[in-house]
Structure formats: structure tokens, C-alpha cells
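> What follows is a single structure, and I will ask about it in a moment.
The values are calculated or read from the model by the stated rules, or taken from the named source; none is laboratory data. Keep in mind that this is a model prediction, so the values were computed, not measured. As a convention, Cβ positions derive from the backbone with ideal geometry for all residues, glycine included, and neighbour counts pool all protein chains shown.
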Amino acid sequence: MENFIVSARKYRPATFETVVGQHHITGTLKNAIKNNQLAQAFLFCGPRGVGKTTCARILAKTINCTNLTEDQEACGKCDSCVSFQTGHSFNFHELDAASNNSVDDIRSLIEQVRIPPQAGKYKIYIIDEVHMLSANAFNAFLKTLEEPPSYAIFILATTEKHKILPTILSRCQIFDFNRIQVDDISGHLNKIAQRENISVEADGLHIIAQKADGGLRDALSMFDQIVSYTNKNLTYKSVIDNLNILDYDYYFKLTQHLTSADVSNALILFDEILNNGFDGNNFINGLAGHLRNLLVAKDPQTTKLLEVSENIKQKYISQSQQTPVSFILTALNLANQCDLNYKNSKNQRLQVELSLIKMCHIPSVLQLAQQPNNNSTTDTDQIKKKTNLSSPEPTITASAEVPNKVSEPIKLPEVAKQLQQDSASTLPSIPVAKTTSPAPATKIALKPLTDIKKVATLIPSLNDIGRVAEGEEGDEPKYISGDAREAFTYEQLLALWTQYANKAKDDGKINIYTLLSSSDPILDSPEEITVHVEHKLQEGLLQEEMIDFLNFLRPNLRNFNVSIKAKQVARTVVNRLYTNTEKYQYLIEKNPKLEEMRKRFNLDVNS
């Protein structure tokens with residue numbers, strides 16, 4: 001039985017051409033070899049598993065090869081290449097700085113450097129994890145690193161460049177390795193699967209590549225694990241089961257429930273996810289990532305930012321066309337707030353469920369915000385449902401014992417609160433007559449509420465749902481008629497505008513504060529306000545804040561027909577004067593005699 005070799009070792013690149021995803025590094029090294037411009041020291045830095053040590057070994061083998069190809073690759077057949085591949089080369093030394101980080105270890109290395117190569121042109125020293133060297137070891141290494149013998153080349157590799165002394169960095173040519181792209185990793189895994197006769201699905205390989213986070217070694221380790229688990233039949237289902245990843249289908253189904261305001265199925269789906277062993281915080285982060293992908297898929301120019309397989313990409317594009325941008329932005333905000341509050345919440349499941357419920361109500365809130373003139377009509381429908389006006393006239397039974405005093409007037413706000421509680425389909429008992437003695441129980445007919453609009457003024461504006469969806473708790477609702485259209489002055493608008501901008505600043509909404517305070521509003525008509533924005537991002541921020549902003553302006557201006565629109569304008573660049581010379585030139589333009597005075601008194605502008 002042959003010994004098993006993991007894919008990360010078995011398929012380690014042996015030439016520059018086979019290195020995955022680092023073409024900017026390999027191309028530079030090949031040109032340096034071709035032009036004979038090799039530095040005395042190289043520093044390879046980057047995340048784990050991206051090919052730093054591999055490229056160092058390929059470089060060491062290539063520069064000592066006696067029969068280079070036309071592409072500046074090692075032949076793999078000469079004595080130098082064969083000895084390197086079998087591990088018997090005396091010109092190649094690899095040191096692990098994590099376990100050899102003392103001054104004595106560096107001194108031993110310096111002693112070896114003094115001995116020239118017996119065969120070949122160069123002696124190559126690879127020091128892996130070089131940031132682990134002590135400060136004294138670095139200082140002992142400085143002189144040799146700066147002026148080594150002509151035959152010595154040092155290749156340092158590290159994952160933490162910031163821990164290396166600047167004096168070391170200044171003596172090296174620095175190469176920064178990138179995280180490997182998802183498509184490159186999945187393509188490399190597919191090639192390995194073909195060589196090993198492994199059946200794979202493209203979606204499954206993309207999941208592995210995403211989970212690897214740019215590290216090819218991590219991807220190969222997961223690939224070996226899942227191949228063993230599935231007996232060489234790697235499928236999308238087996239990958240998500242083995243790596244404990246939420247299926248894309250969960251988020252696609254959940255988005256359908258949210259956009260259709262289906263609270264029940266949304267909560268049931270979340271419960272199913274929890275029963276499968278997934279954490280609520282991972283779920284809400286995954287939902288935020290899904291919403292981000294939907295936003296990216298909206299524009300064909302940004303679709304390339306989707307790091308998914310072609311099959312999943314088409315699903316994102318399809319669902320994004322059916323989902324409004326306003327819904328995506330508001331849901332993203334709610335998901336972000338849930339993520340921030342999750343760890344500090346004592347009831348974490350309820351935190352996520354509340355966010356899902358708020359997301360389900362986003363479509364109705366946005367629809368209501370887009371129809372500012374129909375508030376009173378909507379309120380009327382709600383009142384009709386709650387008072388059962390279509391039923392026979394309600395009757396109120398006067399108590400047999402009525403207090404011997406004039407009944408108090410009806411408090412309208414209290415009636416409104418009672419209506420909102422849905423506790424009864426009829427209005428509460430109200431004393432209606434003045435009496436001086438007990439009287440038998442009498443049924444008194446109460447006339448129907450003929451003027452629905454008057455009662456509608458008792459109910460808070462339905463736009464307050466917007467504040468609920470954002471998780472904010474405002475002041476007591478102001479009971480102002482939903483069809484109020486009082487005139488207001490520009491000064492009143494400007495005062496409220498400044499007040500809301502300052503409130504946004506106190507709440508941490510710096511972007512909203514900057515947008516509102518950068519330019520004053522323009523009153524195009526008695527009820528239409530224009531805001532100047534510089535780009536579409538600010539327009540999106542304004543659209544996201546529109547519900548809360550209108551809920552603030554309309555009651556305070558006593559005009560529910562007020563609307564706000566954004567107008568994109570070109571940014572005006574203001575030349576600022578920074579240096580004394582610039583300021584002096586500006587003053588000369590205003591008064592040329594200043595230059596004559598400066599010369600007369602021999603003054604220095606910069607003093």
C-alpha cells in the first residue's frame with residue numbers, strides 16, 4: 001500500500017509557470033534571471049498558503065540550473081536540478097526562524113556563508129518566518145545581509161512584514177504576495193480532480209475556494225478531506241455538509257419571504273437553520289453577505305464582484321431584478337444593526353427574529369412613504385377595520401349608578417390609543433348625561449363616526465413604522481391631521497433641517513449629517529424640497545433616510561404633502577491657500593503695492 005501524500009505536497013508547483021495566482025511575482029523573477037539582475041536579498045511576504053516558500057524554492061533551483069529553458073524555467077534534468085529535487089544539494093539551505101531565532105543560530109549561518117559553493121554558481125539561504133528572529137539576531141544579521149559574498153543570495157519569507165526591522169527591509173527587494181482569487185483556486189482544484197479521476201461539481205469547488213479565503217494550501221486541505229468523506233464524488237451538498245456552511249438556497253428562500261412580508265415562513269425557516277446547528281450570528285452575517293451580493297448583481301458592471309459559480313451568479317441576477325434597491329439597503333442596515341447588538345443581547349435568538357420581522361415590514365413602509373398624499377385614506381381604512389363601522393350601530397349601556405356630576409369631555413388621544421390596542425371592536429363606555437339620582441340601566445345609541453378623517457387624526461402616522469423598522473424609539477406621536485397642508489416659511493424649514501442634521505450627528509449618522517449640513521435645502525414650490533447631492537451614493541443615503549426625515553418634517557411643519565427629491569450637481573472645487581507664499585500671492589492680487597512695501601523694508605514672506 002502506497003503512502004498517501006496530501007495534495008498540497010504532491011502538487012506543489014515546481015516551476016514559475018505552475019504557480020497559481022502570483023503572475024506579477026513570477027514574471028518579475030523570471031525577468032531578473034534573464035537580465036542577470038538578481039538582488040542579494042529578497043523578502044517574500046503575504047498571507048499563509050499563497051506560495052511564498054514555494055516561489056523561494058523555485059527561484060533557488062532556477063538560478064543554479066545549468067540548462068535553462070527559453071522561458072527562464074529550470075530544466076529539471078541537470079545535476080543541479082536533480083540534486084535539488086532529491087534534497088541532496090549543498091548549495092541550498094533552508095532555516096526555520098521560528099525554532100532558530102537566537103544570535104548563535106545567526107552566527108552559525110554567517111559561518112556557513114563564508115564557504116563558497118563547490119558546484120554551481122550560487123548558495124541560496126531561505127529563512128522562513130523571519131519575523132520570529134529576536135532583535136539581537138536581526139542586528140547580528142544586518143552586515144552580512146547588506147554585503148554578502150557575490151555567490152550568496154538570501155530569501156526571507158514572512159506572514160507579518162510589520163514585525164521586521166526597517167533596517168532589514170531597506171536591504172531587501174520586497175515582493176508582496178496577493179490572496180489567490182476564487183476562480184484561480186477552483187480552477188486549480190478542478191485540474192487536480194481530473195488527474196486523480198475525482199468526480200466534482202463546480203459549485204462545490206467554488207464553496208471550497210471561498211472558504212479558503214485566498215489560501216491555496218487551506219483549499220487543498222479541505223479538498224482532500226471532502227474527497228475522503230465522499231469517496232471521490234465531491235458534490236455541492238457534500239461540501240456544505242462537511243464544512244458546515246449554510247446553503248445558498250436558504251438565503252434565496254428567505255429573501256422571497258421577506259419581500260412578500262411572509263413573517264411566519266421567515267421565522268420557521270430561521271428555526272430550521274438553528275435546528276441544523278448553525279449559529280444565529282453566522283446566519284445574520286450570511287444574510288448580510290447575500291443582500292450585498294444582490295446589490296452588486298443589480299448593475300452588470302459590478303456583477304464581476306460576485307465570487308460565486310456561474311450557476312449561483314445567475315440566481316443572484318434573477319432575484320436582484322425582482323428586489324428593489326430601497327429594500328436591499330434598508331435590510332442591510334437592519335442586518336448590520338443586528339450584528340452589532342447580537343453579542344451584547346441576552347436573548348440572541350429574539351434579536352435575530354426581531355430583525356427578520358422588521359425586514360418583512362419594509363415593503364409596506366416603503367410603499368407608504370412613496371404615497372404621501374394617501375396617508376389619510378390609509379388611516380381611514382385602518383379605523384374602519386378597528387371600529388367595525390360596517391356593523392350595526394353600537395350601543396352603550398349607561399351604568400345604573402352615574403356619579404352626581406357633569407361627565408368629563410372625551411380625551412381624543414386616549415381613544416386613539418384604545419383603538420390601536422385592538423382589544424375591542426366597539427368604543428369604550430362613556431358617560432353621556434348629567435343626572436342627580438340613580439336611574440335604571442338604559443341603552444343609549446351612539447351615532448356612527450361620520451367624519452372618519454377627524455378620528456384619523458388621533459392615530460399616529462403609519463409612517464412611524466419606518467422608525468420601528470429602524471429600531472428607533474421616538475417621542476410621543478404628535479396627533480396632527482393626516483391631510484393637513486398648512487403653509488410654512490423657509491426659515492421654519494431651515495430651522496427643522498438644522499435640528500434634524502444635529503440629531504443625526506448625535507445618533508452617529510455622520511454621513512447624513514454631512515449631506516444635510518453641506519448645503520441648504522431649496523424650496524422649489526410651497527411643498528417640494530430639493531437637496532443637492534454630489535454622487536449617487538449620497539442619493540442612496542438620502543433615500544434610505546427619507547422615511548424618518550419626512551416623519552420629522554411633516555408633523556412639525558403641519559403639512560403632510562411635503563416631499564423631498566435629490567438633485568445631483570457637479571462638485572465645486574475650492575482652491576485653499578496653505579503656504580505663506582500662496583497667501584502672499586493672493587494678497588498681491590488684491591493690492592499690488594504690498595510687493596513694493598516688501599522690497600522697501602526687505603521683508604521675508606516665509607518669516
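> Can you find, within the stretch 33-48, the residue that is surrounded by the fewest Cβ atoms within 10 Å (Cβ to Cβ) among those that are under 40 Å from the mean Cα position of the chain (by Cα) and at negative phi?
Among residues in the stretch 33-48 that are under 40 Å from the mean Cα position of the chain (by Cα) and at negative phi, the one surrounded by the fewest Cβ atoms within 10 Å (Cβ to Cβ) is ARG48.
> May I ask you to say which residue of SER186, SER221 is part of a helix (DSSP H, G or I), of a type in the set (S, T, N, Q) and under 22 Å from HIS24 (Cβ atoms)?
Of the residues listed, the single one that is part of a helix (DSSP H, G or I), of a type in the set (S, T, N, Q) and under 22 Å from HIS24 (Cβ atoms) is SER186.
> Further question: Looking at the stretch 564-574, can you tell me whether even one residue there is outside any helix (DSSP H, G or I), at pLDDT 85 or above, buried (at least 17 other Cβ atoms within 10 Å of the Cβ) and outside the structural domain of VAL296 (by TED's automatic domain parsing)?
yes
> Also, quick follow-up: Given the criterion of a type in the set (A, V, I, L, M, F, W, C) and in contact with a Pro (Cβ under 8 Å, 6 or more places away or on another chain), identify the matching residue among LEU306, LEU366, LEU287.
Every option except LEU366 fails the conditions.
> For the stretch 169-179, does any single residue satisfy the condition of being in a helix (DSSP H, G or I), under 34 Å from the mean Cα position of the chain (by Cα) and within 21 Å of ARG217 (Cα to Cα)?
For the stretch 169-179, residues in a helix (DSSP H, G or I), under 34 Å from the mean Cα position of the chain (by Cα) and within 21 Å of ARG217 (Cα to Cα): absent.
> Restrict the check to the stretch 291-305 and report whether at least one residue is polar (S, T, N, Q) and at pLDDT 90 or above.
yes
> Filter the stretch 135-168 for residues that are within 36 Å of the chain's Cα centre (by Cα), closer than 23 Å to ASP104 by Cβ and either outside the structural domain of GLY27 (by TED's automatic domain parsing) or outside any helix (DSSP H, G or I) (or both) and give the result.
LEU156, ALA157, THR158, ILE164, LEU165
> Assess whether ALA74 counts as being more than 20 Å from CYS172 (Cβ to Cβ) and within 47 Å of the chain's Cα centre (by Cα).
yes
> Only one residue in GLN322, GLN256, GLN301 is within 20 Å of the chain's Cα centre (by Cα) and surrounded by fewer than 17 Cβ atoms within 10 Å (Cβ to Cβ). Which one?
GLN301
> I would also like to ask the following. Scan the stretch 84-103 and tell me whether some residue there is closer than 17 Å to ILE168 by Cα, among the polar types (S, T, N, Q) and modelled with pLDDT under 85.
Looking for residues that are closer than 17 Å to ILE168 by Cα, among the polar types (S, T, N, Q) and modelled with pLDDT under 85, one finds at least one in the stretch 84-103, hence yes.
> Considering only residues that are more than 18 Å from ALA8 (Cβ to Cβ), within 33 Å of the chain's Cα centre (by Cα) and among the hydroxyl-bearing types (Ser, Thr, Tyr), which ones fall in the stretch 185-239?
Selection gives THR235, TYR236, SER238.
> Something else now. Here is a list: LYS77, LYS61, LYS34. Which entry is of a type in the set (Lys, Arg) and either in contact (Cβ under 8 Å) with a residue 60 or more places away in the chain or closer than 25 Å to GLU129 by Cα (or both)?
Answer to the selection: LYS61.
> Look through the stretch 49-74, keep the residues that are under 17 Å from GLY120 (Cα atoms) and of a type in the set (Lys, Arg), and return whichever of them is surrounded by the most Cβ atoms within 10 Å (Cβ to Cβ).
Step by step, filter the stretch 49-74, then rank; the result is LYS61.
> To continue, here is another question. When you go through PHE278, PHE252 one by one, which is the residue that is more than 16 Å from VAL200 (Cα to Cα), aromatic (Phe, Trp, Tyr) and modelled with pLDDT of 90 or more?
Residue meeting the stated conditions: PHE252.
> Related question: Against the condition within 30 Å of the chain's Cα centre (by Cα), free of Cβ contacts under 8 Å to residues at least 60 places away in the same chain and exposed (fewer than 13 other Cβ atoms within 10 Å of the Cβ), how does ILE510 come out, does it pass?
yes
> From the list ARG554, ARG598, exactly one residue is touching a residue at least 40 places away in the same chain (Cβ under 8 Å), in a helix (DSSP H, G or I) and more than 30 Å from the chain's Cα centre (by Cα). Which is it?
The conditions single out ARG554.
> Any chance you could count how many residues in the stretch 263-289 are more than 21 Å from PHE327 (Cβ to Cβ), touching a residue at least 40 places away in the same chain (Cβ under 8 Å) and either surrounded by fewer than 13 Cβ atoms within 10 Å (Cβ to Cβ) or not aliphatic (A, V, I, L, M) (or both)?
The qualifying residues number 2.
> Let me ask something else. Does the stretch 155-166 contain at least one residue that is touching a helix residue (DSSP H, G or I) at 6+ places or on another chain (Cβ under 7 Å) and within 22 Å of LYS10 (Cβ to Cβ)?
The answer is yes, given that some residue of the stretch 155-166 is touching a helix residue (DSSP H, G or I) at 6+ places or on another chain (Cβ under 7 Å) and within 22 Å of LYS10 (Cβ to Cβ).
> Among the residues of the stretch 209-216, is any in contact with an Asp or Glu (Cβ under 7 Å, 6 or more places away or on another chain) and in contact (Cβ under 8 Å) with a residue 12 or more places away in the chain?
Looking for residues that are in contact with an Asp or Glu (Cβ under 7 Å, 6 or more places away or on another chain) and in contact (Cβ under 8 Å) with a residue 12 or more places away in the chain, one finds at least one in the stretch 209-216, hence yes.
> Let me ask something else about it. Within the group ASN265, ASN311, ASN341, which residue is of a type outside the set (A, V, I, L, M, F, W, C), closer than 26 Å to GLY508 by Cα and part of a helix (DSSP H, G or I)?
Step by step, each of ASN265, ASN311, ASN341 is checked, and only ASN341 is of a type outside the set (A, V, I, L, M, F, W, C), closer than 26 Å to GLY508 by Cα and part of a helix (DSSP H, G or I).
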